[in-house]
Amino acid sequence: MVNSHLSSSVLVLNRSFLPIHVTSVRRAFSLIFCGGAQAVDANYQTFDFESWLLHPASPDADRIGTISGGIAVPRVILLRHYDRMPKRQIRFSRVNIFSRDRNTCQYCGKNPQRSELNLDHVVPRSQGGRTTWENVVCCCVACNRRKGGRTPAQAGFRLPRKPVRPRWTPLLSVAPSNVRYREWRPFLIPTELSSVMSSDKPGSFGDSKIAELELAV
Ligand SMILES: [Zn+2]
């Protein structure tokens with residue numbers, strides 16, 4: 001009965017059909033079996049354990065077990081009692097700062113390769129500046145050098161926008177690059193991705209950049 005599908009991924013929706021998590025098939029089955037979740041099919045129909053066993057899954061569905069053809073693996077489950085959003089934060093990291101700032105120098109607006117980008121303390125550490133989302137921006141090597149240990153005002157630079165901590169949304173935990181199964185797609189609506197970053201204009205954020213944001217768990 002040991003089957004590699006047991007550790008493959010299942011998308012978890014809260015009661016409002018919002019994606020909140022990715023779990024394993026093993027955990028998904030145990031949730032469905034004990035009544036904590038229902039399997040969801042391509043028509044958004046929900047199934048408890050018994051009805052899922054009778055569900056005519058698509059012929060190419062992954063299956064586990066050996067008894068009479070095995071049980072189809074649900075790729076999406078719906079939690080029955082959970083309607084809050086999990087509290088999570090986006091990890092403060094070099095790559096996440098670059099993603100927030102779209103690989104763009106916040107002083108001159110250039111968009112070079114990542115190898116040509118640095119992190120800059122807006123208020124330099126030598127002047128008491130802290131290493132936080134609000135005081136660190138993406139900056140090209142040339143601007144970084146010109147600015148040196150000065151504040152933007154002292155260096156004659158201007159920040160086009162105030163750096164902020166990115167807001168977490170459920171969609172971040174299942175970034176488009178992590179959409180492993182077509183069954184997940186209807187629940188990961190691309191237009192909603194534009195609201196991922198609080199400092200963004202609607203629709204201005206590319207999928208590839210969201211995919212790079214790492215979550216602190
Ligand atoms: Zn620059």
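No value in this document is a laboratory result; all are computed from the given coordinates. Small disclaimer: the values here were computed from a predicted structure and weren't measured. Methodologically, a virtual Cβ is constructed for each residue, glycine included, from the backbone with ideal geometry; neighbour enumeration extends over all protein chains shown.
Overview of results
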read-out	value
Förster radius 25 Å - calculated FRET efficiency between Gln154 and Lys110, Cβ distance, rounded to 0.05	0.75
Contour excess over end-to-end distance, with Cα ends at Val164 and Leu18 and 0.36 nm allotted per residue	50.0 nm
Placed amide H near Arg63: partners under 5 Å, 5+ positions off or other chain	Val73
Label point distance in nm, Arg182-Arg80, each placed 7 Å from Cα along Cα→Cβ	3.1
Gain on full stretching of the segment that runs from Arg102 to His5 - 0.36 nm per residue minus C-alpha separation	31.3 nm
